[in-house]
1. Note the full-extension length gain between residue 121 and residue 143 as 0.36 nm times their separation in residues minus their Cα-Cα distance, in nm to one decimal.
2. Taking only protein heavy atoms and a 1.4 Å probe, what accessible area per residue, in Å², does segment 50-158 have with all protein chains in place?
3. With the dipole of segment 50-168 worked out from charges on the C-beta (+1 for Lys and Arg, -1 for Asp and Glu) around the Cα centre, which of 117, 147, 69 lies farthest toward the positive end?
4. Provide the descending list of Cα extents for segment 49-129 along its principal axes, expressed in whole angstroms.
5. Between residue 156 and residue 13, 0.36 nm times their residue separation minus their Cα-Cα distance comes to what?
Amino acid sequence: KIEVMYSHELDSRTVHLIQDILSKHNVKEYMLSNGIDQARIIGEQNINKLDVDVNQVRGYYVDTYNPESAFKLAAQINAELGDDGITAYPNNQYVAIGMSGIHKGHGVDRLTKLIGFNGDIHVIGDDYNDIPMFKRYDSYGIKSGVVDAISFAKNQTNSVSDVLNNLK
């Protein structure tokens, strides 16, 4: 049985504001998530005409096809919707969009509480969407990642396997 660990839907006004911004950036492909399932939107599909409940949207994952476009899109969303509780993280050519405070670090927090884990937590990342997680845990930034992002990690590494081998 699939169980939703938390429920933070974007309101329909915010969904439509995000849609307008995506349209201005000529985004042609993205995913919508309700926290369990995803709907892939391609081309000029109108979100209102799809089998997608705009009142159930918890996040977007947008493919901009290049890192510069991803950075610009995330910056615009954060500037225009940040005060409304929306955060966008560029990640290579992609942008993850969702509620502020709902990120990888939050997910790790929720999972460890759910399973009752109280041990050391080590996380590994390489991009902007990893920063909140880097700040919370014993973190490793992969050296080939985005320099500005991995600078928040407590440690630097060449690969995931290096970290795993050193933790044994």
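The values are calculated or read from the model by the stated rules, or taken from the named source; none is laboratory data. Just so it is clear, the structure is predicted and the values come from calculations on it, not from any experiment. Cβ coordinates were reconstructed from backbone atoms using ideal geometry, including for glycine residues, and neighbour counts include every protein chain displayed. The area values use the complete protein model at the heavy-atom level, side chains included, leaving out ligands, DNA and RNA. Shrake-Rupley method; radii C 1.70, N 1.55, O 1.52, S 1.80 Å.
1. Details: separation 22, 0.36 × 22 = 7.92 nm, distance 2.00 nm.
That works out to 5.9 nm of additional length.
2. Numbers: 5690 Å² over 109 residues.
So segment 50-158 comes to 52 Å² accessible per residue, rounded to a whole number.
3. It is 117.
4. Cα spread of segment 49-129 along its principal axes, largest to smallest: 42, 31, 25 Å.
5. Fully extending the segment from residue 156 to residue 13 adds 47.4 nm.
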